1. Among the residues of region 122-132, is there at least one that is surrounded by 13 or more Cβ atoms within 10 Å (Cβ to Cβ), more than 23 Å from the chain's Cα centre (by Cα) and either under 26 Å from residue 36 (Cβ atoms) or at pLDDT below 90 (or both)?
2. Could you give every pair whose Cβ atoms fall below 7 Å, whose first residue belongs to region 10-30 and is more than 16 Å from residue 42 (Cβ to Cβ) and at pLDDT below 95, and whose second residue is assigned to a helix (DSSP H, G or I) and aliphatic (A, V, I, L, M), counting only separations of at least 6 or pairs across chains?
3. Mind checking which residues of region 62-81 are within 17 Å of residue 38 (Cβ to Cβ), in contact with a Ser or Thr (Cβ under 8 Å, 6 or more places away or on another chain) and surrounded by fewer than 17 Cβ atoms within 10 Å (Cβ to Cβ)?
4. If residue 68 satisfies all but one of (1) hydrophobic (A, V, I, L, M, F, W, C); (2) part of a strand (DSSP E or B); (3) closer than 18 Å to residue 127 by Cβ, what's the number of the condition it fails?
5. For region 1-24, how many residues are part of a loop (DSSP other than H, G, I, E, B) and either among the acidic types (Asp, Glu) or farther than 19 Å from residue 54 by Cβ (or both)?
6. Could you grab me the full set of residues in region 25-49 that are basic (Lys, Arg) and either in a loop (DSSP other than H, G, I, E, B) or exposed (fewer than 12 other Cβ atoms within 10 Å of the Cβ) (or both)?
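The values are calculated or read from the model by the stated rules, or taken from the named source; none is laboratory data. Model, not experiment: these values are computed from the prediction. Cβ: placed from backbone, ideal geometry, glycine included. Neighbour counts: every protein chain shown.
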Amino acid sequence: MFLRIQRGAAVPISRQIEGQIRAQILSGTIPAEDQLPSVRQLARELAVNVNTVLRVYERLAADGLIDLRHGDGTYVTRRAKAGVSAQLTQRRRELAQEFDALVRRGLMLGVGPEDLAQMVAESIERASDPAAAERPIKGTESGKRRPGKTEAPHS
């Protein structure tokens with residue numbers, strides 16, 4: 001199970017962890033009956049408080065995605081597979097709406113379609129390659145994009 005936390009992001013760490021585990025379960029990346037890391041182990045790996053991971057696991061258990069078996073571990077439920085299709089469809093619909101909003105925002109800031117496509121490609125590269133996530137974002141001095149700033153054409 002691969003999880004990436006963005007410290008200092010607007011989304012709380014517990015929601016980041018929950019969203020990523022939920023997405024991996026719903027997509028089948030973590031199949032039914034697979035054992036998840038223990039609360040303590042995952043907290044140690046992510047360098048977060050044990051209570052943060054415990055809250056995440058409790059929310060996922062309340063949604064029927066995982067089963068907390070005292071003394072045995074935490075497992076993805078079989079029921080998770082039954083509800084996967086509807087939940088995955090809903091999550092993809094939400095993603096499409098978020099993506100539409102980002103594209104509209106980019107267009108309003110004067111970012112052209114080709115530049116938007118390049119930004120998406122770079123984002124995919126950063127998300128899928130941990131080493132790429134550490135490289136500076138192209139077109140910025142400090143490696144971070146500034147809202148409202150577009151790259152000036154080179155002369």
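1. No: zero hits.
2. As it stands, the answer is 26/84; 26/88; 27/88, since those pairs meet every condition given.
3. Result: 68, 73.
4. Failed condition: (3).
5. 7
6. Step one: list which residues in region 25-49 are basic (Lys, Arg), which gives 40, 44.
The answer is 40, and nothing else.
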